[in-house]
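Trainee: Let me give you the structure first, and then I'll get to my questions.
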Amino acid sequence: MTSKSVDDLRLFLGIAAPEKIKSPIANLKAQNDRLQGVRWVPQENLHVTAYFFGNVQEEILPNLVAMIREGVKDTAPFTLTFRDFYLAPKASQPRMIWTRYHKAEAFRHLVQRITFLYEQIDPHLQTRKSPVPHITIARLKNWRERQYVELGIEVNNPDLAVDELVLWQSELTPKGAVYSEIARFRLGIP
């Protein structure tokens, strides 16, 4: 699964951002719409990535869906608590703007469980560090140091209740990524 073929699907598992999360992000975008070098993520693409699978052979998709279903059945719904809007990966050299959430044990456990199960399908999997739960809301290009984003000063974001995950296919186009939903997985349901 390491080399890409014509039949590969670029897949990731994530938490869809509900409208109550998207609305404050839209407000932040409106407050900063004149900034140069900021490409805002379309509202329909806002999500927290739980696991990025990358290029996956289409023929293993049924096994992957069954694996995810197994991985989430014992995970109870949980909440990601809003932390802040953040210039990422480092405020001193930002490439993105995130809605960042506090690390939650339930999120970490879920990601570890999916990683463990996916290693059974792809034994060549590279070890990944535990992700910081966040929503990428903008990508920065040619960012000027003097620009200032009103990150969280007038915008607060609610906590994110997590009761299901979505498996998406991501197709890269010249205008950006286009996501297609493949399956939904309710937490705590066998």
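The values are calculated or read from the model by the stated rules, or taken from the named source; none is laboratory data. Keep in mind the model is a prediction, meaning the values are calculated, not measured. Ideal geometry is used to build each Cβ from the backbone, glycine not excepted, and the neighbour counts take in all protein chains shown.
Trainee: Quick one: in segment 95-117, which of the residues that are among the aromatic types (Phe, Trp, Tyr), crowded, with 19+ Cβ neighbours inside 10 Å and out of contact with any Leu (no Cβ under 6 Å at 6 or more places or on another chain) is modelled with the lowest pLDDT? Steps first, please.
Mentor: Looking only at segment 95-117, we keep the residues that are among the aromatic types (Phe, Trp, Tyr), and these are 98, 101, 107, 116.
Next cut, crowded, with 19+ Cβ neighbours inside 10 Å only: 98, 101, 107.
Next cut, out of contact with any Leu (no Cβ under 6 Å at 6 or more places or on another chain) only: 98, 107.
Numbers: Trp98: 92, Phe107: 96.
Filtering segment 95-117 for residues that are among the aromatic types (Phe, Trp, Tyr), crowded, with 19+ Cβ neighbours inside 10 Å and out of contact with any Leu (no Cβ under 6 Å at 6 or more places or on another chain), the one modelled with the lowest pLDDT comes out as Trp98.
Trainee: How do the pairs read when you match residues in segment 128-142 that are assigned to a loop (DSSP other than H, G, I, E, B) with residues anywhere that are small (Gly, Ala, Ser), using Cβ under 8 Å and keeping only pairs 6 or more apart or on different chains?
Mentor: Pro131/Ala50; Pro133/Ala104; Lys141/Gly37; Asn142/Gly37
Trainee: Next question. Filter segment 21-80 down to the residues that are among the acidic types (Asp, Glu) and either surrounded by 19 or more Cβ atoms within 10 Å (Cβ to Cβ) or in a helix (DSSP H, G or I) (or both) and list them by number. Spell out the reasoning first.
Mentor: The initial filter retains those residues of segment 21-80 that are among the acidic types (Asp, Glu), namely 33, 44, 58-59, 70, 74.
Answer for segment 21-80, where residues must be among the acidic types (Asp, Glu) and either surrounded by 19 or more Cβ atoms within 10 Å (Cβ to Cβ) or in a helix (DSSP H, G or I) (or both): Glu44, Glu58, Glu59, Glu70.
Trainee: Consider segment 83-94. How many of its residues are out of contact with any Pro (no Cβ under 6 Å at 6 or more places or on another chain), more than 27 Å from Phe185 (Cα to Cα) and either surrounded by 14 or more Cβ atoms within 10 Å (Cβ to Cβ) or of a type outside the set (S, T, N, Q) (or both)? Can you show your working first?
Mentor: Going through segment 83-94, the residues out of contact with any Pro (no Cβ under 6 Å at 6 or more places or on another chain) turn out to be 83-86, 88-94.
After this cut, where a residue has to be more than 27 Å from Phe185 (Cα to Cα) as well, the list is 84-86, 88-94.
Going one step further and asking which of them are either surrounded by 14 or more Cβ atoms within 10 Å (Cβ to Cβ) or of a type outside the set (S, T, N, Q) (or both), we end up with 84-86, 88-91, 94.
Final tally of qualifying residues: 8.
Trainee: Follow-up. When segment 163-179 is examined, which residues are found to be β-branched (Val, Ile, Thr) and closer than 30 Å to Ala76 by Cα?
Mentor: Scanning segment 163-179 gives Val166, Val178.
Trainee: Go over the candidates Leu167, Leu172 one by one and state the one that is over 24 Å from Ala66 (Cα atoms), modelled with pLDDT of 85 or more and either of a type in the set (Asp, Glu) or in a strand (DSSP E or B) (or both).
Mentor: After ruling out the rest, the residue left standing is Leu172.
Trainee: Now, a different point. Name the residues in segment 118-146 that are crowded, with 18+ Cβ neighbours inside 10 Å, modelled with pLDDT of 90 or more and under 22 Å from Val41 (Cα atoms), would you?
Mentor: Pro133, His134, Ile135, Ile137, Ala138
Trainee: Looking at Thr49 and the list (1) at pLDDT below 95; (2) of a type in the set (Ser, Thr, Tyr); (3) touching a Pro at 6+ places or on another chain (Cβ under 8 Å), which single condition is not satisfied?
Mentor: Here Thr49 meets the rest and fails (1).
Trainee: Within 30 Å of Asp7 (Cα to Cα) and among the charged types (D, E, K, R) - does that describe any residue in segment 92-115?
Mentor: So the first thing to find is which residues in segment 92-115 are within 30 Å of Asp7 (Cα to Cα), and the list is 110-115.
Then drop every residue that is not among the charged types (D, E, K, R), which leaves 113.
Checked segment 92-115: at least one residue is within 30 Å of Asp7 (Cα to Cα) and among the charged types (D, E, K, R).
Trainee: Here is a list of conditions, (1) touching a Gly at 6+ places or on another chain (Cβ under 8 Å); (2) exposed (fewer than 15 other Cβ atoms within 10 Å of the Cβ), and Arg10 meets all of them except one; can you say which number that is?
Mentor: All conditions are met except number (2).
Trainee: Out of everything in segment 160-182 that is within 18 Å of Val111 (Cβ to Cβ) and of a type in the set (A, V, I, L, M, F, W, C), what residue ends up being surrounded by the fewest Cβ atoms within 10 Å (Cβ to Cβ)?
Mentor: Ala161
Trainee: May I ask you to say which residue of Ile68, Ile15, Ile114 is touching a helix residue (DSSP H, G or I) at 6+ places or on another chain (Cβ under 6 Å) and touching a residue at least 24 places away in the same chain (Cβ under 8 Å)?
Mentor: Details: Ile68 fails: touching a helix residue (DSSP H, G or I) at 6+ places or on another chain (Cβ under 6 Å); Ile15 fails: touching a helix residue (DSSP H, G or I) at 6+ places or on another chain (Cβ under 6 Å).
After ruling out the rest, the residue left standing is Ile114.
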